[in-house]
Every structure is written in structure tokens, then in C-alpha cells.
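Written out below as C-alpha cells is the structure these notes cover.
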Ligand SMILES: [Zn+2]
């Protein structure tokens, strides 16, 4: 796996080599620009793709032939979560909810309901801010710990974390080493918060469906509720078992 350390180490080695070489043979300026651009391109792509494991190990799916998958919901709890819970109950499916701290403060009763109905709850930061990528490690730690504390109030301390937008960086990686969370990504991104057409969202999932997958949805709109019912019917027809992400990955969801 190409990590940030390997990329940066290789880049520095190339720069040292070029600097040494330029003592013997002067180099054009653009020869130095090429490795810088390559390093930057790899760093930007690696940071933006949660599956890359570029800054920290991430869990995105499992290799299996068993027809098991995990349905995950980000950014709740919201009033739409209640409809999601009704559907999950109707189709007898257990799912995972990566909750935002400030949303838990708004809808504590819904969080309690998620837990009572046997679903897993994970940490999705307190504020869910795009600018978190510029936060210090300490400020990121506050985002993580305050949400842990909120969840811990209802059940145990959560061990699952999902980075907002799937973006990671060295400071987030450092913070997560301190907290010890498992970083859970996905391999099927529904884009339910971006695409308007419900059929398109459903088709994105249906065409990518495979054993061991982790599906990313958002319990924030009626649109997703509608797509979810179609998805649950499809899973039933194709004899898939939907389990919590910790069950699929065989890792603990909470601290003992
Ligand atoms: Zn999110």
C-alpha cells in the first residue's frame, strides 16, 4: 500500500539525488517541478480516497463469497432516521449509523432508538466541518472525544469512526492513533446526498453490489428512505444478509 510516509520518503530521495546530480550537470528548473507535482498529486488523491489507506489503515470491505454486506448511514440522527429505522425493522436488517455529535444533542431520543433496535453506532465527529482538514491534532481530538462521550452516555465508548467526506490527513491520523478508533470507509458510495434521481442512486448501488461490501448512505432525506426500501427488497431477492459493519469486519464496535 502506498502511504504518505513512503510517498514523501521517495520524493525526498529523488530531490536529494537531483540536487547531488546538479553539482555535476546543471538541471533545468522544470526537472525539479515534476517530482513536486507527482508528490502533490499522489498526496491529494490519497487524502481524498478513504479506501486508499494513505494516511491510516481503513476498513472498506471484506473479501468473501458469503452473501453478507453492511449498510451504513452517515450524518444523523435526523427526523429521517426514524423512517430508516422503520424500514430496517420491517425487513429485519441491522445497520450501522455514523452519528454527528451535534445531531445527537438535537435528537437524543432518536439515538436511543437506534441503540434499542440493535443497530451499531459509530463516531462521525462533533461538527462535521469541511475545514476540519485544517484543524490541529488537538482540535480534531476534541471533535472525536466529545462525540465519543455523547455516545458513551447511551451505550459504551464507540470504537468505530468514519471521517467526514472520507478525507484523511496526517493530523487526523495522529488523533486517531491516540483515540484508537477503527477507521471505517466503504466500497459502494451511493452519492445519495449528491444525486437527485432516486433510480440513479439505486442503480449505482445495485450494479456494484457484491459479497463483503460496505454501502454508504445518509439518513438525512426522504430520497434515501425511498432508495433504502428498494435496496432492502433487492437484498432480500438476492438472498443477501445485511449485518452491522462490526459484524462484517469482525471487529468490536465498543470498548469493553
Ligand atoms: Zn458525513
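The values are calculated or read from the model by the stated rules, or taken from the named source; none is laboratory data. Quick caveat: nothing in here was measured; it's all calculated off a predicted structure. Methodologically, a virtual Cβ is constructed for each residue, glycine included, from the backbone with ideal geometry; neighbour enumeration extends over all protein chains shown.
Is there a residue in the range 156-166 that is in a loop (DSSP other than H, G, I, E, B), touching a residue at least 60 places away in the same chain (Cβ under 8 Å), within 16 Å of the ligand (Cβ to nearest atom) and assigned by TED's automatic domain parsing to the domain that holds residue 218?
yes
Do you know which of the residues in the range 61-79 that are within 14 Å of the ligand (Cβ to nearest atom) and crowded, with 21+ Cβ neighbours inside 10 Å is farthest from the chain's Cα centre (by Cα)?
77
Pairs, please: C-beta under 6 Å, at least 6 apart or cross-chain, first residue on the phi < 0 side of the Ramachandran plot and in the range 22-37, second surrounded by 10 or more Cβ atoms within 10 Å (Cβ to Cβ)?
Close Cβ pairs satisfying both conditions: 35/11; 35/14.
Residue 173 passes all but one of (1) assigned to a helix (DSSP H, G or I); (2) farther than 23 Å from residue 46 by Cα; which number fails?
Result: residue 173 fails condition (2) only.
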